[in-house]
Structures are given as C-alpha cells and as structure tokens.
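Written out below as structure tokens is the structure these notes cover.
The values are calculated or read from the model by the stated rules, or taken from the named source; none is laboratory data. Predicted model, so just to flag it, every value in this text is computed and none were measured. Neighbour counts run over all protein chains shown; Cβ positions are idealised from the backbone, glycine included.
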Amino acid sequence: MNNLLMAIVITMNGNPYKARFMDVVNANYAWNYTRGDSLITVGIIDMGFDFFHPDLRDVLSPGYFADGAYHTEIYEIVAHGTMVASVIRSLAPGCSELAASTGVIKHKLLILRKQFDKEHPDGDIRLFQKEMVKHAPELTRFAVKWQNHIERATAEGIRYLVDHGAKVINISGLLKKSSELDSAFSYAAYHDVVIVIGAGNSASKYEDYPGEGLKNIIVVGAAKLDDERWTETVNGIQQGSNYGNRLTVVAPCESIVVAVPHEERFYKADDSPMGPEDMEFSSIRDTIECGATSLATAVVSALAALVRSVRPDLTAAEVVEVIERGAHDIGDPGFDPYTGYGRVDFGKTIDIARRWSK
C-alpha cells in the first residue's frame, strides 16, 4: 500500500464520516478487478505540481511547461495540481500520470488582495470590492491577459498530452468555449482521448464549455457525501457546483485526503507572481473538507483511468457512456441538469465495463 493510501486508511479509521467517501464511490469493489495499469497515463493540466512529493514522485512525470509564464515553486502555484494528482493517485494507484503545467502570469488581483488584507485586517469583502474599483482599468487588462494565457496554455497542454500517450486528461479549472480550445478538444477526440473537465463553482447554470457535440468529454459536478449537490455560502458569496445540460456526472467533494506541497520552502516567499507568501507548514497530507468541482473532477478522471485499464479496447466515447450508465441516479429520474446521470459508482461502472460488448 502506498503512503497516500495508508494515510487515507488511517484518516478513515479515525473518523467514520471520512470513511464514507470510499464507501460512497464504491472504490474497494472496483479494486477487486483493477487498481489501474501503468500503461494507462492520466494527463493533468494545472498551474503547477510538487513533482518530488513522496506520494507522487514515482508516478507523476513532468511534461509540458507553458512559455511566457512563471513556474515558481510556491504553495499557491503548485498546491492545486498536487492535490488533483494525489486524488487520481489514491483512486487509480496503478496508473501513470503526466503533468502539463500552465504556470501563471503575474496575478494582479491576488497581489492587490494581499495588500488590502495587510492594510485592513478587519476589512470585509464589500470594502475590498469598493477599493478595487480604483484599479478597474489595470484589473480589466489583467483579466484579459489571464484568460488568454490559460486558454493558450491549456490548448497546448492538451495537444502535448495527447501526443505523449495520455488516455485520459484531467482539467479541473473552469473553461470557456473558444476556437483554440475547441480545436484542441477535437484533436483529443480524433486521437481517442477522454477529457474530464470541472463544471465550475459559481452555483449557476453554465453550458459554455469547449468541445460541444464531442463524445469524449465528461463534465463533472460536485456532490456532498449525502448525495446532495454541493452548495455553500462563503463570506457572503454563494458557491456551489454549476449545473446545466452539459453536466455528465457528479462526484463527492467532501473529506478527501490529499497530498499538499511537502517542504516548508513552498509556504513562504517575500515576493512571487502571486504576491508574498506566508503560510504555516504542518503536514504533507491534509483532509480537504470540501474540494469543490476540482477534486470531484479528479475522482472521475481516476474512474475513467480504471475503465481504460480494465478495458483498453473501449473507445473514449464508450468510456464516457460506461461512466454515465454506471452512475447512481441521485436526482430526478434519468438525466437532470443538476446531477447529470448521477453520482459516480466505481464498482458498478467497472462491472459494466467488464461486460461491455462491442
């Protein structure tokens, strides 16, 4: 058993509620047939990764690095990708992982937010929003540059991962339809690669994802362990899993054990593309109370990798259909825009995959 799986077992044994995650997705039953095949590579597109984390260094390989971006090793750049990679590692431990790092451009909004928090320790979100009006022109320019960078780097990352053998590609960040991304999604479809994307976290209807009409795409929403769609209010702002007619399935996002950057040096910086960093390092693993659609997406990417491990002959479109049919219906009967085809069930899905007849 690898260290991350051991950490999951230890955490679960100490908290019955956290143990429900593995029970809800029915992973242990699926593992009777496969824990993944090293010939199945999961590509992961994210800002950055802790490649030498003890739980990841044997399975996660560096691949694409976007030009014109900072790839600084600080928590805010590498943590998200590290967490996503660790969820896939824990649920499909036998599969390989290949990273595509988008990096970041200088994050003007986050830098301003950190300056505001330092100067106004008791300031609330409304005061911050009022202050940001003064910076509207430069923030508008930043937003355009950020969107253009993410779009280009993601499209290039998809093509790189496809060309280097990925069978599943995980993209946890919300994507907006564009000609560049549509072209990259079509490239993946032509090469029979499953793309798994996050639905987004604004608790709103959203259907403007790239790749409309393609059969190789899974759009993932987030659910709670009680199979209710995830929603919550943070600092007066409504958050939750996006919904719409392009949603495919949902996956639990609560109480997931993840790997986080494993050395103290990631947690402090006098300056960086994301501003100064001053965080406390406590452990190389953490239990995320709510991982939103980002970690739900990683759960489904792991499932897609297990399906391709047990049935490598299935096409990308067939893998998507198997996952749809294997989902546990938790909303209105059949497909519905809030939970898609339902919450993923690893065991049922692998059973369907094993019996699938061409």
So S204, is it surrounded by fewer than 18 Cβ atoms within 10 Å (Cβ to Cβ), within 27 Å of I169 (Cβ to Cβ) and in contact (Cβ under 8 Å) with a residue 24 or more places away in the chain = yes
Region 226-236, subset over 18 Å from the mean Cα position of the chain (by Cα) and in a loop (DSSP other than H, G, I, E, B), residue surrounded by the most Cβ atoms within 10 Å (Cβ to Cβ) | D227
Test L175 against the criterion of being more than 16 Å from S101 (Cβ to Cβ), at pLDDT 95 or above and either outside any loop (DSSP other than H, G, I, E, B) or within 18 Å of the chain's Cα centre (by Cα) (or both), and give yes or no.
-> no
Do we find that Y64 is under 19 Å from the mean Cα position of the chain (by Cα), more than 20 Å from L295 (Cα to Cα) and either surrounded by 19 or more Cβ atoms within 10 Å (Cβ to Cβ) or modelled with pLDDT of 90 or more (or both) in this structure?
-> yes
Which one is surrounded by the fewest Cβ atoms within 10 Å (Cβ to Cβ) among residues in region 142-194 that are of a type in the set (K, R) and in contact (Cβ under 8 Å) with a residue 60 or more places away in the chain?
-> R152
Only residues that are farther than 21 Å from N26 by Cβ, buried (at least 18 other Cβ atoms within 10 Å of the Cβ) and of a type in the set (G, A, S): list them for region 276-308, please.
-> A292, S294
Could you tell me whether G200 is under 20 Å from I88 (Cα atoms) and either among the hydroxyl-bearing types (S, T, Y) or in a loop (DSSP other than H, G, I, E, B) (or both)?
-> yes
Residues that are surrounded by fewer than 18 Cβ atoms within 10 Å (Cβ to Cβ) and either free of Cβ contacts under 8 Å to residues at least 24 places away in the same chain or not charged (D, E, K, R) (or both), drawn from region 18-57 | A19, D23, N28, Y29, N32, Y33, S38, L39, F51, F52, P54, R57
Could you tell me whether any residue of region 102-118 is of a type in the set (V, I, T) and at pLDDT 95 or above?
-> yes
Which one is nearest to A302 (Cα to Cα), of the residues in region 258-282 that are among the aromatic types (F, W, Y) and in contact (Cβ under 8 Å) with a residue 24 or more places away in the chain?
-> F266
For D332, are the conditions met, namely being acidic (D, E) and either in contact (Cβ under 8 Å) with a residue 24 or more places away in the chain or within 19 Å of V24 (Cβ to Cβ) (or both)?
-> no
Do we have L181 as modelled with pLDDT of 95 or more and touching an Asp or Glu at 6+ places or on another chain (Cβ under 9 Å) here?
-> yes
Leading residue by the ranking (farthest from I169 (Cα to Cα)) among those in region 207-222 that are among the aliphatic types (A, V, I, L, M) and part of a strand (DSSP E or B) | A222
